[in-house]
Amino acid sequence: MTQVTDPFLARVVQTCKKDDVQPSRYVDFGCPILNEATLGLDEGVFIVAGPPNFGKSAWVLNIYNQVLLNNMNVDVLDFSLDDSFDNRVRNSIARIAQTPINWVKLP
């Protein structure tokens, strides 16, 4: 595992390694490494922010697709100020179908 240099993140990682720490509701990331490191995604609201063209939308899209594919009773609400609804849907369909986005057409 990579050494954590940020003191706050180091405390979080150490806390997550404790056997007695359990999230209030375990949500499978769909990635064993993330599940092991974080004990799964806890329910709640998450805001992802950063500079333009930094990969936020692609990262969030991958996370929520994995969460939806690996958890039966989970709802995900996603919105973007930068991307249109049609583009988000096309990206999601292409990701799940593992096909190029230009092959996905919306009615």
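Annotations
- Overall form of region 45-107 per C-alpha gyration tensor (a/c, 1.5; a/b vs b/c): oblate
- The label-point distance for residue 105 and residue 85, in a model that sets each label 7 Å from Cα toward Cβ, rounds to 2.2 nm.
- Under Karplus coefficients 6.51, -1.76 and 1.60, residue-wise ³J(HN,Hα) of region 35-43 in Hz, glycine/proline x: 4, 5, 6, 10, 6, x, 7, 7, 5
Every number in this text was worked out from the coordinates using simple rules, so none of it is lab data. Given the structure is predicted, the values throughout are model-derived calculations rather than measurements. Note: ideal-geometry Cβ built from the backbone for every residue, glycine included; neighbour counts use all protein chains shown.
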